[in-house]
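Colleague: What follows is a structure written as structure tokens; I'll ask about it next.
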């Protein structure tokens, strides 16, 4: 098969190679997917850069945990009826060496999830895994949000869009913050009831508008930038409210301890690789329901062929445009 890989960490053009490898074969409980599209997430880039300082987990890594395609072989114990099924997959390169930047990928059968409708493209499926599962965990980490007010910070990002849709699906009143007109449109289409623009606004102006929209406070908050926003979060959170955060630029951010303590706040720190399998399965079910209910999905801003995977990684590093980037392996 054609595949992209790296055997040392570093700059994209310095370490990523494209060539031929033996076709993988599924073992017991696994399926093999002929990959149509491979989604790139920030974590894929950071692993290749060794941003977390963990080094090479395997001698050779095929990057990317998320992808979509068609099941073409199954291992022992997996029903043969799965052959020919259109699926999206997650965790392909989570504690495993070979991800979806290849013509074929092998994953546990439970991690190959049926695309609910032929209208849902492989590209959309390839973008679901890490953002969708992270969003589901972020929405539900503190319990049911039905009938409660949820604020999604960064409601037009990949995780944010999923969190908006999943919160609405779960029966919440959904507020979202965004930076631009285009982002506001995306968040509204995803299911937000009200959207707050942050660009050009002072801290006090944002707090005032959010308090106006949620006079009793926000019950649960999905946070994309913990270090930047925790001060505002602590001001708009309801007593007994909760924050679920999955990202922070500052790895050691200060927090307004007493403000959070007096509100009896709960803070959930989320790392998607290590969510319980039951949580990942519940997320997959919810995402399928979300797609089936007509959720509009992601904006795909750039497509690269496998031969240009280094350029795809560089494009993501430069953050040239909002939206998702995919590597296309089939028409």
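Colleague: According to a simple spin-label model (label point 7 Å from Cα along Cα-to-Cβ), what is the distance in nm between residue 299 and residue 193?
Modeller: Result for the modelled spin labels: 2.6 nm.
Colleague: Please list 142-154, 303-315 highest first by mean number of surrounding beta-carbon atoms within 10 Å per residue.
Modeller: Values: 142-154: 21.1, 303-315: 18.3.
With the highest mean Cβ count within 10 Å placed first, the list reads 142-154, 303-315.
Colleague: With the Cα gyration tensor of the stretch 131-273 in hand, give its eigenvalues times 5 under a square root as the equivalent ellipsoid semi-axes, listed largest first in whole angstrom. Each step should come with its number before you reach the end.
Modeller: Numbers: eigenvalues 74, 59, 48 Å².
After diagonalising the Cα gyration tensor, the semi-axes are 19, 17, 16 Å.
Colleague: Compute the label zone of residue 255 within the stretch 126-157: residues whose backbone N is under 15 Å from the point 7 Å along Cα-to-Cβ.
Modeller: 142
Colleague: Could I ask something else about it? Expressed in nm to one decimal, what extension gain is obtained for the pair residue 34 and residue 264 from 0.36 nm per residue of sequence separation less their Cα-Cα distance? Write out the running numbers ahead of the final one.
Modeller: Values: separation 230, 0.36 × 230 = 82.80 nm, distance 4.90 nm.
Length difference between fully extended and current span is 77.9 nm.
Colleague: Convex hull volume of the Cα atoms in the chain, per residue, in Å³? Don't jump to the answer; show the numbers that get you there.
Modeller: On the way: hull volume 42.4 nm³, N = 331.
Each residue corresponds to 128 Å³ of Cα convex hull volume.
Colleague: For the stretch 1-80, what are Rg and Dmax over the alpha carbons, in angstrom?
Modeller: Cα-based Rg and Dmax for the stretch 1-80 come out at 14.4, 42 Å.
Colleague: When only alpha-carbon atoms count, how far does the stretch 202-308 stretch along each of its three principal axes, as whole angstroms with the largest first?
Modeller: 51, 31, 29
Colleague: Also, quick follow-up: Please tell me the relative contact order of the stretch 1-132 in percent, rounded to the nearest whole number, where contacts are Cα pairs under 8 Å and at least six residues apart.
Modeller: On the way: 322 pairs, mean separation 41.4, N = 132.
In percent, rounded to a whole number, it is 31.
Colleague: For the stretch 65-144, list log₁₀ I(q)/I(0) at each q in 0.10, 0.12, 0.18, 0.20 Å⁻¹, using the Debye formula over Cα point scatterers of equal strength and ignoring solvent, two decimals each.
Modeller: -0.25, -0.36, -0.76, -0.90
Colleague: Another question, if that's okay. Computed from the mean reciprocal separation of all distinct C-alpha pairs, what Kirkwood hydrodynamic radius does the stretch 35-78 have, in Å? Spell out each step's value before the answer.
Modeller: On the way: mean 1/r = 0.0794 Å⁻¹.
Here the Kirkwood hydrodynamic radius works out to 12.6 Å.
Colleague: Does anything in the stretch 190-223 have its amide N under 14 Å from the 7 Å Cα→Cβ label point of residue 180, and if so which residues?
Modeller: 198-200
Colleague: Moving on. If packing is taken as the mean number of other Cβ atoms within 10 Å per residue, what is the order of 129-135, 67-73, 78-84, 191-197, highest first? Could the numbers behind the result be given before it?
Modeller: Working: 129-135: 28.0, 67-73: 23.9, 78-84: 12.4, 191-197: 20.3.
Packing proxy ranking, top to bottom: 129-135, 67-73, 191-197, 78-84.
Colleague: What order, most packed first, do the peptides 12-22, 242-252, 166-176 have when packing is the mean number of other Cβ atoms within 10 Å of each residue? Could you put the intermediate results ahead of the total?
Modeller: Working: 12-22: 13.4, 242-252: 16.7, 166-176: 23.7.
Per-residue Cβ counts within 10 Å, averaged per peptide and sorted highest first, yield 166-176, 242-252, 12-22.
None of the figures in this text is laboratory data; all of them are computed from the coordinates on show. This structure is a prediction, so every number in the text was calculated from the model and none was measured. Cβ coordinates were reconstructed from backbone atoms using ideal geometry, including for glycine residues, and neighbour counts include every protein chain displayed.
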